[in-house]
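**Q** Pasting a structure here, questions to come.
The values are calculated or read from the model by the stated rules, or taken from the named source; none is laboratory data. What you see is a predicted model, and the numbers here were worked out from it, not measured in a lab. Every residue, glycine among them, receives a Cβ derived from its backbone with ideal geometry; neighbour counts consider all protein chains shown. These accessible areas exclude ligands, DNA and RNA; they are computed on the full protein's heavy atoms, side chains included. Shrake-Rupley method; radii C 1.70, N 1.55, O 1.52, S 1.80 Å.
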Amino acid sequence: MVSPTKPPIGHEYCVGQASGDIMPPMMPTCPHFALLDDANGACRLFQQLRDCDHLPAAELDRLDDVLHQGWQRGWHALLWLPYEWGVALHGLEPDHTAMTVYWFGQQSLLSPSQAEAWLAAADDGAPAGIRHIGSDTDQAAYLAAVAQIQQAIARGDVYQINYTVRLQGESHGRPLALYRRLRARQPVPYGVLACLPDAGELPVWTLGLSPELFLQFDADATLRTRPMKGTAPRSGHDGQDAAAAALRQDAKNRAENVMIVDLLRNDLGRVAVTGSVRVPQAFEVSAYGSVWQMTSTVEAQPRPGTRLADILRAAFPCGSITGAPKRMSMQLIRQLENGPRGLYTGSIGYVAPCRNALGFSGCLNVVIRTLQLTPQAGGGHRVCMGVGSGIVADSDARAEYRECGWKSRFVTDLPPSFRLIETMQVTDGRCALLAHHIDRLCRSAADWRFAADEGDIRRLLQAAVAAVPASGCWRLKVILQADGSWQAEHQPLALSDAPVTVLLHPDSRIATQVLQRYKTDYRPLHDLAWQTAVQHGAFDSLLFDEDGRLLEGGRSNVLLRIDGVWHTPAEHLSLLPGVMRSAVLAQPQRWLGCDAVRQSELDYQQVQAAEQLLLCNALRGLMPVAQRLAVALPA
């Protein structure tokens with residue numbers, strides 16, 4: 001960072017005084033921001049990213065000078081401390097990881113309701129969620145690692161190890177919308193929503209639902225930490241859960257808590273006035289989402305002249321996520337865990353200038369219950385979330401494995417926020433394509449973990465068909481909810497053999513999204529496509545992806561004959577595998593009089609040049625296209 005030219009700001013405020021009211025939702029031209037989200041207090045919204053300073057462990061002593069330079073420029077500091085930076089700080093691995101100070105030009109204080117209003121204003125309403133999430137460590141490997149830890153404890157190497165694993169999956173929808181859903185399920189005091197550039201300048205999202213405080217620097221210069229040790233699943237939400245009382249009295253969890261409290265008392269004691277370290281609260285049990293957590297509070301008064309660098313050197317990473325003693329625990333963690341932790345079990349927070357003995361105030365969390373989302377090819381984001389538990393001599397390995405499940409179920413049990421749809425033609429009491437509908441709905445329900453198996457789906461679709469009048473032609477729509485409940489509606493269907501008109505334009509492109517491959521109740525661009533076609537007297541509009549490859553129509557799949565060969569867009573593209581399309585691919589001789597249909601990548605020119613074009617869907621079968629109109633979708 002260049003040296004500032006502005007005069008010092010005078011340290012006239014504590015705890016980061018806000019620089020304005022609620023900011024408008026972030027603009028696409030400046031996407032980087034961070035929200036430090038306290039469900040019960042002040043939330044801090046950082047916008048207008050100006051600069052960042054990267055400090056490897058060997059350069060920690062520069063930190064306080066770097067902070068004062070940024071504050072003199074009127075900027076606001078967000079601290080980003082990966083776990084491995086702390087490993088290097090203790091001399092246990094090469095110094096390849098840096099802590100980062102992100103500098104923002106604007107900071108706003110928001111109430112929890114104002115923060116929610118800001119999030120809602122920036123949410124486009126599209127479904128958001130996670131699927132295909134699983135652990136990088138199976139139960140057998142987990143039990144083996146716990147056995148090694150307990151052997152180390154028996155040798156006297158350590159008293160406790162916080163052993164962690166990684167969950168990995170993929171997300172769909174906007175990360176901001178996903179955070180809103182998780183925030184509603186698990187309100188916490190040290191939440192984070194951030195979109196910041198990684199080393200390659202890609203926007204990496206961090207969705208943190210942490211209930212744990214690492215360090216708080218009060219306006220009176222008190223240092224405070226609140227380690228969290230002891231977990232139990234919640235079975236009720238009235239505050240009278242028997243599990244909470246049992247956790248509070250559980251000898252194993254209390255002993256685990258005491259070990260870490262002693263460790264953190266020692267850490268703070270390294271920078272504290274002699275005799276000032278105290279534990280004002282011990283063994284407090286609080287509800288956070290689906291679990292009860294036991295915490296204790298440790299406080300201290302820092303010695304005169306203590307710098308932030310001194311405090312971090314003494315206390316980072318937080319002992320609650322390493323074990324005791326800290327350095328040996330971190331050595332064993334490196335040997336036992338499958339890979340680096342990254343930001344997980346590190347810390348995120350802010351510091352601001354303040355007229356107290358330290359010269360600053362602020363707050364840093366422990367990065368747990370936190371998802372990191374990185375963009376992936378084909379749309380959506382790759383999701384990684386760490387989860388762990390403290391292992392002591394009398395830990396039951398299987399119970400610890402279950403505890404990891406309790407802690408992560410606010411993510412792993414997040415239900416889809418959309419419904420699955422099947423729209424069928426029923427003629428004289430029979431659905432000719434019923435087997436294809438059953439197959440598609442079964443695959444979709446399994447992919448998204450709907451609470452309906454193949455037998456359930458077969459029975460519900462058969463029941464829906466049986467409820468349609470036994471004569472005439474009907475449109476039957478079946479809607480399946482994530483919890484397995486369903487509803488059906490039917491109405492008369494008028495069919496026609498007349499050729500149809502289609503809108504065809506190279507600019508009718510849509511962004512790749514995973515949900516495009518499924519028949520759901522959220523398909524706004526596809527609905528726009530066919531509704532625009534109807535406005536122009538056509539049946540449908542054809543859609544292309546960002547690379548100009550043909551996908552489908554708004555309510556139909558596409559079949560093309562080029563040089564005597566039938567083609568359809570390949571299923572690996574972002575298109576819905578329609579039921580009629582599936583029937584044609586299964587029996588091309590019956591439907592098209594040919595031996596095979598090629599699944600191909602087709603561009604606009606090939607579509608224009610095709611000697612024959614057919615649309616198809618389950619309601620109307622095969623529809624010859626008589627006319628192609630050059631009309632693009634509305635911008």
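**Q** For the stretch 530-616, which strands (runs of 3 or more DSSP E) that fit wholly inside it have 2 or more residues that are in contact with a His (Cβ under 6 Å, 6 or more places away or on another chain) and over 21 Å from LEU433 (Cα atoms)?
**A** Hits in the stretch 530-616: 598-600.
**Q** Here is a follow-up. For the stretch 498-521, which positions are open to solvent by 60 Å² or more (accessible area, probe 1.4 Å) and either assigned to a helix (DSSP H, G or I) or closer than 19 Å to VAL579 by Cβ (or both)?
**A** Selection gives ARG517, ASP521.
**Q** Suppose we filter the stretch 572-602 for residues that are within 42 Å of the chain's Cα centre (by Cα), open to solvent by less than 60 Å² (accessible area, probe 1.4 Å) and either of a type in the set (D, E, K, R) or at positive phi (or both); how many remain?
**A** 1
**Q** Quick test of your reading of the structure: LEU551 fulfils all but one of (1) over 18 Å from ARG440 (Cα atoms); (2) over 29 Å from the mean Cα position of the chain (by Cα); (3) surrounded by 17 or more Cβ atoms within 10 Å (Cβ to Cβ). Name the failing condition by number.
**A** Answer for LEU551: the failing condition is (2).
**Q** Given the conditions (1) modelled with pLDDT of 95 or more; (2) touching a helix residue (DSSP H, G or I) at 6+ places or on another chain (Cβ under 8 Å), report the number of the one that TRP80 does not fulfil.
**A** With respect to (1) modelled with pLDDT of 95 or more; (2) touching a helix residue (DSSP H, G or I) at 6+ places or on another chain (Cβ under 8 Å), TRP80 is out only on (2).
**Q** Collect the residues in the stretch 353-383 that are within 23 Å of VAL101 (Cβ to Cβ) and outside any strand (DSSP E or B), keeping them in residue-number order.
**A** CYS354, ARG355, ASN356, ALA357, LEU358, GLY359, VAL366, VAL367, ILE368
**Q** Any chance you could count how many residues in the stretch 58-85 are assigned to a helix (DSSP H, G or I) and over 29 Å from the mean Cα position of the chain (by Cα)?
**A** Result for the stretch 58-85: 15.
**Q** Further, regarding this structure: Residues in the stretch 457-485 that are in a loop (DSSP other than H, G, I, E, B), without any contact (Cβ under 8 Å) to a residue 40 or more places away in the chain and under 18 Å from SER444 (Cβ atoms): how many?
**A** Counting residues in the stretch 457-485 that are in a loop (DSSP other than H, G, I, E, B), without any contact (Cβ under 8 Å) to a residue 40 or more places away in the chain and under 18 Å from SER444 (Cβ atoms) gives 2.
**Q** Being crowded, with 16+ Cβ neighbours inside 10 Å and either over 29 Å from the mean Cα position of the chain (by Cα) or modelled with pLDDT of 90 or more (or both): is that true of LEU35 here?
**A** Taking the combined requirement at face value, the residue satisfies it.
**Q** Within the stretch 612-635, work out how many residues are touching an Asp or Glu at 6+ places or on another chain (Cβ under 8 Å) and either open to solvent by 30 Å² or more (accessible area, probe 1.4 Å) or charged (D, E, K, R) (or both).
**A** Of the residues in the stretch 612-635, 2 are touching an Asp or Glu at 6+ places or on another chain (Cβ under 8 Å) and either open to solvent by 30 Å² or more (accessible area, probe 1.4 Å) or charged (D, E, K, R) (or both).
**Q** Between a first residue in the stretch 104-128 that is closer than 12 Å to LEU176 by Cα and a second residue that is β-branched (Val, Ile, Thr), which pairs have beta carbons less than 6 Å apart while being 6 or more apart in sequence or on different chains?
**A** Pairs that qualify, where the first residue is closer than 12 Å to LEU176 by Cα and the partner is β-branched (Val, Ile, Thr), are TRP118/ILE22.
**Q** Which is within 30 Å of SER556 (Cα to Cα) and open to solvent by 20 Å² or more (accessible area, probe 1.4 Å), of ARG398, ARG430, ARG402, ARG409?
**A** ARG430
**Q** Give the residues of the stretch 382-394 that are under 17 Å from the mean Cα position of the chain (by Cα) and open to solvent by 30 Å² or more (accessible area, probe 1.4 Å), sorted by residue number.
**A** Listed by number, the residues that qualify are ARG382, CYS384.
**Q** Follow-up question, since we're still on this one. Between ASP53, ASP123, which is at pLDDT 95 or above and either closer than 26 Å to TYR190 by Cβ or open to solvent by less than 10 Å² (accessible area, probe 1.4 Å) (or both)?
**A** One residue alone meets the criteria, ASP53.
**Q** Let me ask you something else. Checking ALA144 against (1) out of contact with any strand residue (DSSP E or B) (no Cβ under 8 Å at 6 or more places or on another chain); (2) modelled with pLDDT under 95, which test does it fail?
**A** (2)
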